[in-house]
Amino acid sequence: MNILEEKLLSAKKVAITGHVNPDGDCIGSVLAIYNYISTVYPEIKLSAYLEEFSDKFMFLKNSENIKQSVEEDEEFDLLICVDSADIQRLGFSEVLLQKSKESINIDHHVTNTKFTDETCLEADASSTAEVIYTLLNKEKIDKAVAECLYTGMVHDTGVFRYSCTSPKTMRIAADLMEKGIDYTTIVDESFYEKSYLQNQILGRTLLESILILDGKCIFSYVNRKMMNFYEVTKKDLDGIIEQLRQTRGVEVAIFLYEVETQKYKVSLRSKTKVDVSKIAAFFGGGGHVRAAGCTMDGTVHDIVNNISMHIEQALLKC
Ligand SMILES: [Mn+2]
């Protein structure tokens, strides 16, 4: 029996949460656990918490039941966190740690700080969804749970392209396909489809991108003014960094968007050599070897200057 099963046997009230600005892996992981518990342990009272997320994930069962705030007098026997490397990543739901007798975190971030009572960490896994699959009873995974897990894996692997994709990832994906999920629609509608405005801001960002470090690094940014002009929010900026990364000759891509005046959320991606999690960690962030992020103050120019010095150093060692 694994630690998750063990904890679920004695829990009556369970809360599930993930990280701020939830992505496909985070949402899929929260809902996979929610849907699994609700069918396998129907006597458990469940609550799930996440910040508001994109409509494209609303096809997942019970997505409409995820709450955006924590009730004051709620208490839980068990808190299950997913895909969250440190306590700050929990955002508004951090308060759940005090409201829960026990806590467990299921994650795949190499930078995980083990802030819960128990941690199921598999740093080699493609996604938290992949880790969750290994913790569940395979026979009891139904179509709804399979859809959630497949969505999580698709999003964190860039549709099974990134180097985090392993033979194990593909075997799990195959098992999930056998549960009867509509994998074509999941990939098309939750991953590739973009709104007209999303395509416009993507196009604008690519037009304004700049190659530096001999073409080995590319950066671009979106400021508040641009976001207001195109009427987009941070949710609409998904995928921009990925398009930048695909530029021929580029090893590292940097994408910045302004969260407050002169405060930028910085995303970093690398192709095959540079460990961007180390660079992000230096600036107080974290993530994975090929995909990481941090938040920095200053102008775009200052921030890119600061980061590119570290990238230059890392490239020299390659
Ligand atoms: Mn993840």
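Only the coordinates and a few stated rules stand behind these numbers; no lab work does. For clarity, every value in this text was computed on a predicted model and none was experimentally measured. Every residue, glycine among them, receives a Cβ derived from its backbone with ideal geometry; neighbour counts consider all protein chains shown.
Figures for the structure shown
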{"read-out": "Range of Cα positions in the stretch 196-317 per principal axis (Å), largest first", "value": "42, 29, 23"}
{"read-out": "Principal-axis tilt of helix 167-177 within the chain, Cα atoms, nearest 10 degrees", "value": "60"}
{"read-out": "Cut-off 12 Å between beta-carbons: net charge of the residues surrounding Cys318, Lys and Arg +1, Asp and Glu -1", "value": "+1"}
{"read-out": "The stretch 1-157: relative contact order in percent, alpha carbon pairs under 8 Å with at least 6 residues between", "value": "29"}
{"read-out": "Cβ charges +1 (Lys, Arg) and -1 (Asp, Glu), total dipole of the stretch 196-317, debye", "value": "300"}
{"read-out": "Karplus-derived HN-Hα couplings along the stretch 36-50 (A = 6.51, B = -1.76, C = 1.60, θ = phi - 60°), whole Hz, x at Gly and Pro", "value": "5, 4, 5, 9, 7, 10, x, 7, 7, 8, 10, 9, 10, 10, 7"}
{"read-out": "Electrostatic dipole magnitude of the chain [Cβ: Lys, Arg +1; Asp, Glu -1; Cα centre; debye, to 20]", "value": "940"}
{"read-out": "Ranking of Cys81, Cys318, Cys120, Cys217 by count of other Cβ atoms within 10 Å, fewest first", "value": "Cys318, Cys120, Cys217, Cys81"}
{"read-out": "Inter-site label distance for Ser163 and Glu178 at 7 Å from Cα along Cβ, in nm", "value": "3.1"}
{"read-out": "Entries in Lys7/Lys138; Lys45/Lys101; Lys99/Lys179; Lys179/Lys234; Lys7/Lys278 that, when Cα-Cα distance is taken, lie over 26 Å", "value": "Lys99/Lys179; Lys179/Lys234; Lys7/Lys278"}
{"read-out": "Gyration tensor over alpha-carbon atoms, the chain, equivalent ellipsoid semi-axes in Å", "value": "33, 21, 19"}
{"read-out": "Dipole of the stretch 196-317, positive direction: furthest Cα of Phe229, His288, Tyr264, with charges on the beta-carbon", "value": "His288"}
{"read-out": "Top positive-direction residue, dipole computed over the chain with Cβ charges, set Asn105, Gly215, Ala125", "value": "Gly215"}
{"read-out": "Rounded FRET efficiency, nearest 0.05, which uses the C-beta distance separating Arg204 from Thr233 and R0 of 22 Å", "value": "0.90"}
{"read-out": "Net charge dipole size for the stretch 3-192 [Lys, Arg +1 and Asp, Glu -1 on Cβ; Debye, nearest 20]", "value": "380"}
{"read-out": "Extension gain from Glu74 to Tyr196, taking 0.36 nm per residue of separation minus the Cα-Cα distance", "value": "39.8 nm"}
{"read-out": "For Tyr133, Tyr162, order by how many other beta-carbon atoms lie within 10 Å, fewest first", "value": "Tyr162, Tyr133"}
{"read-out": "Choice from Tyr150, Tyr192, Tyr49 with maximal GNM fluctuation in the chain (Cα, 10 Å cutoff)", "value": "Tyr192"}
{"read-out": "Sequence-separation-based contact order of the stretch 247-318, relative, with Cα cut under 8 Å and 6+ spacing, percent", "value": "27"}
{"read-out": "Top of Thr119, Thr247, Thr165 by mean-square fluctuation, Gaussian network on the chain, Cα under 10 Å", "value": "Thr247"}
{"read-out": "Coordinate range along principal axes, alpha carbons of the stretch 3-192, Å, largest first", "value": "43, 34, 31"}
{"read-out": "Percent RCO, i.e. relative contact order, over the stretch 156-300, from Cα pairs under 8 Å lying at least 6 residues apart", "value": "15"}
{"read-out": "Local electrostatic count, Ile3, Cβ distance below 10 Å [Lys/Arg +1, Asp/Glu -1]", "value": "-3"}
{"read-out": "For Cys26, net neighbour charge (Lys/Arg +1, Asp/Glu -1) across residues whose Cβ lies under 10 Å away", "value": "-4"}
{"read-out": "Ascending count of other beta-carbon atoms within 10 Å, so fewest first, for Met309, Met1, Met153, Met227", "value": "Met1, Met309, Met227, Met153"}
{"read-out": "Sequence-distant aspartates and glutamates (8 or more away, or on other chains) whose Cα lies within less than 20 Å of Lys263", "value": "Glu208, Glu231, Asp236, Asp238, Asp297, Asp302"}
{"read-out": "Reachable aspartates and glutamates from Lys317, criterion Cα separation under 16 angstrom, eight or more residues apart if same chain", "value": "Asp214, Glu251, Asp275"}
